[in-house]
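First up is the structure itself, then whatever we jot down about it.
The values are calculated or read from the model by the stated rules, or taken from the named source; none is laboratory data. Being a predicted model, the structure only gives us computed values, none of them experimental. Every residue, glycine among them, receives a Cβ derived from its backbone with ideal geometry; neighbour counts consider all protein chains shown.
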Amino acid sequence: MIRNLTLCAALVALVACATGAPSPPVAVDAARAGPVPTKLTGYLPKDALDGKAILPAPAAPDSAQGRAERAMYDETRALEGTPRWKAAIEDNEIWQGGALKRFSCALGKELSEARTPTAWRILHRIELDVRDVGNVPKNHYGRPRPAVGNDKPICIARAEWMKTNASYPSGHAMVGWTWGLLLTELAPERADRLLVAGREMGESRAICGVHYMSDIEAGRTLASGMVARLHAEPAFNADMARARGEIAAAPVAAGCEA
């Protein structure tokens, strides 16, 4: 019952975020919806965490929680075209700048390969760890995404990968929460803004229509465990030490709302 009330409260909060006049539809470049090639690797050994052992099975579709989550998907389709919908589109772009821009603004400093190369490398190596940790429970539980089997609006282009890449847990939510936690370590005075950015990046996946809220919650659980485990890796700790100085010296982030 408590879990269901939490989901309902989340639905109310997400819908309430869509204030103001609707924004024009934003064109989505399908190439920005997936990872780009990289020579980087993650920090963690492949068997560092067993996501399928850590996470419980997702709710059955015909359970009270499953029905509540489906209702949330249906309700949030009404957010199409709103400012919150546009933000969800931008949060989808982990690899080419949308999400990175959000975190730069939350940090108050420019995060880029040119200005903060070590911090940039941390964030991108972490995303590779997310794939390794998150894909095991994704493949094990095989939960279909909410957009599969219907033609309701979602914030990114529909593609065949949505039928084979499972919903639980949300990799974007894992990335967002991990980035929020680690950047808070590097700039604790910006903790509130950074953690809000991490939370909202996860919620964007429900707004977008490509994940259920429990996928997002599961992603945050794995993200928290991953951050704790990362601190046992010498290469990660060395990069974090270097990144503190980089961020302190980085220029103020440009193009951010006050």
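I'd like the residue in the range 162-172 that is small (Gly, Ala, Ser) and within 17 Å of Glu127 (Cβ to Cβ) and, out of all such residues, is surrounded by the most Cβ atoms within 10 Å (Cβ to Cβ).
Ser170
Go through the range 220-237 and give me each residue that's hydrophobic (A, V, I, L, M, F, W, C) and closer than 20 Å to Pro56 by Cβ.
Leu222, Ala223, Met226, Ala228
Which one of these is on the phi > 0 side of the Ramachandran plot and modelled with pLDDT of 95 or more: Gly245, Gly202, Gly209?
Gly209
For the range 200-240: of the residues being within 26 Å of Thr164 (Cα to Cα) and basic (Lys, Arg), which is surrounded by the fewest Cβ atoms within 10 Å (Cβ to Cβ)?
Arg220
Among the residues of the range 47-61, is any more than 30 Å from Leu230 (Cα to Cα), of a type outside the set (Val, Ile, Thr) and at pLDDT 95 or above?
Looking through the range 47-61, at least one residue is more than 30 Å from Leu230 (Cα to Cα), of a type outside the set (Val, Ile, Thr) and at pLDDT 95 or above.
Find all pairs meeting these conditions: Cβ atoms under 9 angstrom apart; at least six residues apart or on different chains; first residue within the range 230-258 and among the charged types (D, E, K, R); second residue surrounded by fewer than 10 Cβ atoms within 10 Å (Cβ to Cβ) and outside any loop (DSSP other than H, G, I, E, B).
Pairs found: none.
Return the only residue of Glu93, Glu113, Glu127 being in contact (Cβ under 8 Å) with a residue 60 or more places away in the chain and closer than 17 Å to Lys39 by Cβ.
Glu127
Within the range 214-238, which residues are of a type outside the set (A, V, I, L, M) and either within 22 Å of the chain's Cα centre (by Cα) or under 30 Å from Ala71 (Cβ atoms) (or both)?
Within the range 214-238, Ser214, Asp215, Glu217, Gly219, Arg220, Thr221, Ser224, Gly225, Arg229, His231, Phe236 qualify.
Where in the range 42-134 are there helices (runs of 4 or more DSSP H), lying wholly inside it, with at least 2 residues that are crowded, with 20+ Cβ neighbours inside 10 Å?
64-76, 83-92, 98-107
Residue by residue through the range 136-169, note down the ones that are in contact (Cβ under 8 Å) with a residue 24 or more places away in the chain and either within 30 Å of Glu185 (Cα to Cα) or outside any loop (DSSP other than H, G, I, E, B) (or both).
Val136, Pro137, Lys138, Asn139, His140, Tyr141, Trp161, Met162, Ser167, Tyr168, Pro169
Taking interchain pairs and intrachain pairs at least six residues apart, which have beta carbon atoms under 6 angstrom, with the first residue in the range 173-194 and free of Cβ contacts under 8 Å to residues at least 12 places away in the same chain and surrounded by fewer than 19 Cβ atoms within 10 Å (Cβ to Cβ) and the second assigned to a helix (DSSP H, G or I) and of a type in the set (Gly, Ala, Ser)?
Filtered contacts from the range 173-194: no entries.
Okay, residues lined up against (1) in contact with a Gly (Cβ under 9 Å, 6 or more places away or on another chain); (2) more than 30 Å from Ala60 (Cβ to Cβ); (3) part of a helix (DSSP H, G or I); (4) among the polar types (S, T, N, Q):
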site: Asp192; (1), (2), (3), (4): no, yes, yes, no
site: Val196; (1), (2), (3), (4): yes, yes, yes, no
site: Gly202; (1), (2), (3), (4): yes, no, yes, no
site: Ala206; (1), (2), (3), (4): no, no, yes, no
site: Ala218; (1), (2), (3), (4): yes, no, yes, no
site: Asp239; (1), (2), (3), (4): no, yes, yes, no
site: Arg244; (1), (2), (3), (4): no, yes, yes, no
